[in-house]
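Read the figures in this text as sums done on the coordinates, not as results from a lab. Please read these numbers as outputs of a predicted model, since none were measured by experiment. All Cβ positions, glycine included, derive from the backbone under ideal geometry; neighbour counts span all protein chains shown.
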Amino acid sequence: MSAASSDGAPRGMASRPLSETPPIVSLQGITKSFSNATVALRNLSLDIGAGEFVSLLGPSGCGKSTALRLIAGLSSPTNGRIVWPGEAPGQGDHELGFVFQEPTLMPWASVFANVHLPLRLKGRSVAAARDEVMDALDMVGLAGFADSYPRELSGGMKMRVSIARALVTRPKLLLMDEPFAALDEITRFKLNNDILRLWETLDWTVIFVTHSVFESVYLSNRIVVMAARPGRVVADLAVDAPYPRTEEFRTSHLYSDYCRQASEALQATLNEEERAE
Amino acid sequence: MSSADLTGLSGPAPGLDVAERRKARRARVERWARWLLPVVVMAATIALWQWYVVAYKVPHYILPGPDRVVDALVRDWPMLWPALLVTLQITLGALVVATIGGVGLAVLFAQSKWVEMSFFPYAVILQVTPVIVIAPLIFIYVPSKIVGLLICAWIVAFFPILSNTTLGLNSADHNLRNLFQLYGATRWQTLRYLRLPAALPYFLGGLRIAGGLSLIGAIVAEFVAGTGGVGSGLAFKILEASYRLNIPRMFAAILLISLTGIIIFAVLSLVTHLLLRNWHESAVKRDG
């Protein structure tokens, strides 16, 4: 089983086949509590296989963003450990990209400079990085906006810049923290398709935090359903629908079946929570 | 202005047209008024002043009319101009040193909370103690008058830069900080590419205050130093003229000081605008 909560929480519809290749990252018995005594995550174990598109789906407060920050190394677990099997021990850099809920661009810098940032921090000059930066902008369809400033762009375009910045280092693992939650539905659908296209072409592994059942089913081939108080995994669903996924998939029976499954798993966590109160 | 034609137009004529025309006219009027109004009010004030002096036969050693002030400005120019240069030199020198010192200390404070906690009280003490009571001590301890003046003006001017820049360095977006951490940015890189740019609008706000304060600091210090001879500034000229009851010259010198302050403020505002116009909310022009 590649994901389970070992403290006896219901496994729900855990139906994922065992993955043959070693996981790209493995969370082992992670507990994270904050100084105000909230337990954001309790005993979370989760293996992320290479090439997977995993959605962490759950209500607010289930610790899905906390899990993402732990994987990114932005905070450290209170208990348990995070293992990167494919990497040499002691390697500091995990070759990952992070897309925040907000675009998180530097307002004083042009689009080009914003996307250049990760490379610049690694000591690559503008001249040395120009091709890669322009490639990244090209991939999100913003090559013509390299000299614009963030404030001149729409919300969706800013998000694309943020994605270009995440992919400019060619990361193996992309972490996305509810990246499209603040966007309108039309823009969100468009960006969903962009992300899927990039995932297919760039051989990524994606961990995508969302609270939208529909988004998670449309995008991912695996949905990890989480419950709150304390944050834990309650279900691990495989979405066995072929890629490329298009608008056709969005209106298919298969899609609505998976949505129902995910909804039920999510609903179960909420009911349980109400009973507990 | 034109409430009469407005009601005249808003009859049966097509509504949109009227509204558009009214809007365009208002914009035109506003464009002119922005320049015209201050000029007219200024002219009226000067005229009123002149009228009052003449009508009430105010003696010129109490309140000179604007004609006498201009006259003094022209006649005493050979003496006021070098004095203005001295004051200007000290003001700008103090502003430069305050900028370097303020930003330098802010960067130092930003490196560690301990440094900030240890040394910020001294900055506050220097700020809240009136410079006029420290100045005599400074002139006792520092043999060079110019250096003494610079120190006094610096004490007055550096605090707004320090406190604003410190605030700015600490207000970089949290997600961006996380991003820098994620990409393994060094302390220096985070400072250079994130915290300093984020602090720029705050620093510029402090700089505009410091520009005015360094002039005030220079003048106050000159008053305290109170020595004449070669190399004395405008403040000493005012002091000297007051001993001689040369009121028009006092007015002329005050006028020069005010103009200097206005020019400093205008230049710093322009610099602020040029540096922030591309990205900061305060400088971005909005349509509509």
Next item on the list: For chain B, set up a Gaussian network in which alpha carbons nearer than 10 Å are linked by springs, and say which option among B:GLU30, B:GLU20, B:GLU222 fluctuates the most.
Entry: B:GLU20
Next item on the list: Would you give the gap between the C-alpha center of the range B:219-284 and the C-alpha center of the range B:167-200, rounded to a whole Å?
Entry: 37
Notebook entry, point to check: Setting aside same-chain residues fewer than 8 positions from A:LYS32, which lysines have a Cα under 16 Å from its Cα?
Noted result: A:LYS64
Checklist line | 10 Å Cβ neighbours from other chains, averaged over peptide A:97-108 | finding: 5
Note to self: Relative contact order for chain A: what percent, with Cα pairs under 8 Å and sequence separation of 6 or more?
What the structure shows: 27
Margin query: I need the shape label for the range B:183-288. Rule: rounded when a/c is under 1.5, else prolate if a/b > b/c, else oblate, with a, b, c from the alpha carbon gyration tensor.
Written below: oblate
Next item on the list: Please report, to two decimal places, log10 I(q)/I(0) for chain A at q = 0.09, 0.14 Å⁻¹ as given by the Debye formula with identical point scatterers on the Cα atoms and no solvent.
Entry: -0.42, -1.02
Check: Considering only B:LEU234, B:LEU207, B:GLY101, whose Cα is most displaced toward the positive end of the charge dipole of chain B, charges sitting on Cβ of Lys, Arg (+1) and Asp, Glu (-1)?
Finding: B:LEU207
Note to self: Under 28 Å between alpha carbons, and skipping anything fewer than 8 positions from A:LYS122 in its own chain: which lysines qualify?
What the structure shows: A:LYS158, A:LYS172, B:LYS113
Next item on the list: Find how many whole Å separate the alpha carbon centroid of the range B:55-97 from the alpha carbon centroid of the range A:72-143.
Entry: 59
Next item on the list: Just tell me which lysines come within less than 23 Å, Cα to Cα, of B:LYS57; anything on the same chain fewer than 8 places away is out.
Entry: none
Next item on the list: At 20 Å minimum axial length over the Cα atoms and a Kyte-Doolittle cut of 1.6, report the qualifying DSSP H helices in chain B, or say none.
Entry: B:77-111, B:145-169, B:247-276
Next item on the list: At most 15 other Cβ atoms within 10 Å plus a DSSP loop assignment makes a site exposed; report the longest stretch of chain B without any exposed trypsin sites (Lys or Arg not before Pro).
Entry: B:58-243
Notebook entry, point to check: At q = 0.06, 0.07, 0.08, 0.10 Å⁻¹, what base-10 log of I(q)/I(0) does the Debye formula yield for the protein assembly as shown when every alpha carbon is treated as an equal point scatterer in vacuo?
Noted result: -0.52, -0.65, -0.77, -0.95
Item checked: Mean ellipticity per residue at 222 nm, deg cm²/dmol - from DSSP H runs of n ≥ 4 across chain A, formula -39500 (n - 2.57) -> -11500 deg cm²/dmol
Checklist line | Choice from A:PHE34, A:PHE189, A:PHE208 with maximal GNM fluctuation in chain A (Cα, 10 Å cutoff) | finding: A:PHE34
Note to self: Run the helix sum for chain B: -39,500 (n - 2.57) per DSSP H stretch of 4+ residues, divided by residue count, reported at 222 nm to the nearest 500 deg cm²/dmol.
What the structure shows: -27000 deg cm²/dmol
Next item on the list: Give the shape of chain B as rounded, prolate or oblate, defined through the alpha-carbon gyration tensor: a ≥ b ≥ c are the square roots of its eigenvalues, a/c under 1.5 means rounded, and otherwise the shape is prolate if a/b is larger than b/c and oblate if not.
Entry: oblate
Notebook entry, point to check: Just how far, in whole angstrom, is the range A:21-68 from the range A:206-277 if you go by their alpha carbon centroids?
Noted result: 15
